[in-house]
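Chemist: Have a look at this one before I ask anything.
The values are calculated or read from the model by the stated rules, or taken from the named source; none is laboratory data. Note that this is a predicted model, so its numbers are computed, not measured. Here Cβ is always computed from backbone atoms with ideal geometry, including for glycine, and neighbour counts include all displayed protein chains.
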Amino acid sequence: MSIKNLWKSGRRQQLTDARNIGLYIFALVVLAITWSGVKTVQTNYVLQKQVSTLKQQNEVLKLQNENTQLQNEYYRTNQYLELAARQYFGLAAPGEKVLLVPKDVAMKYVDQSLVPKDPSQKSEDKRSRYAKNFQAWRDFLLGRKLVEE
């Protein structure tokens, strides 16, 4: 089929008819409006997720502020001041006697199997390599602290 025959064919004339071209333009406009609507819905969804996340973070921060305020109130109480004086300064209330027990005397009454031989060394883990690896992965996936202090 030559180009002249293709240009004069009935199929080409049917496709390039003014009514059909109007339908093509209408279809393009409908597709553009639909695409724009889909993009708007997607953008709104993403923004709504961000708003929800920020609201949750705001609630968490409010709870942390309330917790801090309660801690500050506790630190102002006489009960805390008394405990802090006993713990950090070795002070006692009037009429009380403070007894200082030497470490070697106190350690006599402690079960020695619970006390490591050398405090600088940690007890050796007797589990298999696979059990240690499994435990490490479980701790990682559950968000547990991996480094001992």
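Chemist: Given the criterion closer than 30 Å to V98 by Cβ and of a type outside the set (V, I, T), identify the matching residue among Y45, Y75.
Modeler: Unique residue meeting the criteria: Y75.
Chemist: Turning to a different aspect of this structure: Among the listed residues V60, V51, V147, which satisfies the condition of being at pLDDT below 95 and of a type in the set (A, V, I, L, M)?
Modeler: V147
Chemist: Further question: For N72, state whether it is assigned to a helix (DSSP H, G or I), surrounded by fewer than 10 Cβ atoms within 10 Å (Cβ to Cβ) and without any contact (Cβ under 8 Å) to a residue 12 or more places away in the chain.
Modeler: Judged against the criteria, N72 is a match.
Chemist: While we're here: Any chance region 126-134 includes a residue that's loosely packed, with under 10 Cβ neighbours inside 10 Å, modelled with pLDDT of 85 or more and among the aromatic types (F, W, Y)?
Modeler: yes
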